[in-house]
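Heads up: the structure comes next, in structure tokens.
Derivation of every value follows stated rules applied to the coordinates shown; laboratory data play no part. If you're wondering where the values come from, they're calculated on a predicted model, not measured in any experiment. Using ideal geometry, Cβ is built from the backbone for each residue, glycine included, and neighbour counts are taken over all protein chains shown.
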Amino acid sequence: MKRILSAGILLTIVTGCAGLQPEEILLPRSEVSLTIKEEVAMAFDPATCQIGYNSERNEFRLVDNKISDWVIFRSDAVPTDVGQKVKASLEYTSRSNIKTLTDMTFSVEKTAPDGTTWLWNKDKKIGIIIKVL
């Protein structure tokens, strides 16, 4: 009985660690957005949001028209190639405050000809879709 219970616990741990992959959370999305674990923190809506990109600072911004919610993604290089790793910082608003994460590594998971880029941080399970204008 102990072996069966131990095997069940091990299986739960292993499958739990394998969850939240970019194929499940990030890649099915098509709109500019920030996803944290399985929750969309902010998504681009052309009626209520604006996006911006500063090529000198490698800075992408998604801001609502009220300037109450935003996402700012800054990276050490322009993310252009699948498999490329970039060091980045991320600032975003949450329900009750502003979150700032630094010294993160994002991998480029997918790119599109229009400048849309899907990035994934494996450690925090954060996906961001940006569009280089």
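Using the 10 angstrom Cβ neighbour count as an exposure proxy, how do LYS122, LYS66, LYS131 rank, fewest first? Show your work: numbers first, answer last.
Working: LYS122 13, LYS66 8, LYS131 17.
Fewest-to-most ranking of LYS122, LYS66, LYS131: LYS66, LYS122, LYS131.
Please list, ordered by chain and number, the residues whose modelled amide H lies under 5 Å from the amide H of ILE126; skip anything fewer than 5 residues away on the same chain.
LYS37, ASN121
Which order do GLU109, GLU38, GLU56 fall in if you start with the one that has the fewest other Cβ atoms within 10 Å? Mind showing how you got there, number by number?
Values: GLU109 19, GLU38 11, GLU56 5.
The fewest-first ordering by Cβ neighbours comes to GLU56, GLU38, GLU109.
Between GLU39 and THR100, 0.36 nm times their residue separation minus their Cα-Cα distance comes to what? List each step's numbers first, then the result.
Details: separation 61, 0.36 × 61 = 21.96 nm, distance 1.73 nm.
Using 0.36 nm per residue and subtracting the Cα-Cα distance, I get 20.2 nm.
Is there a pair in LYS85/LYS110; LYS37/LYS66; LYS66/LYS87 whose C-alpha atoms are over 22 Å apart, and which pairs would that be? Working shown, then result.
Numbers: LYS85/LYS110 12 Å; LYS37/LYS66 26 Å; LYS66/LYS87 29 Å.
Those over the limit are LYS37/LYS66; LYS66/LYS87.
For the stretch 37-133, go through all pairs of different Cα atoms, get the mean of 1/r, take its inverse, and jot down that Kirkwood value in Å.
Every distinct Cα pair counted, the radius reaches 13.6 Å.
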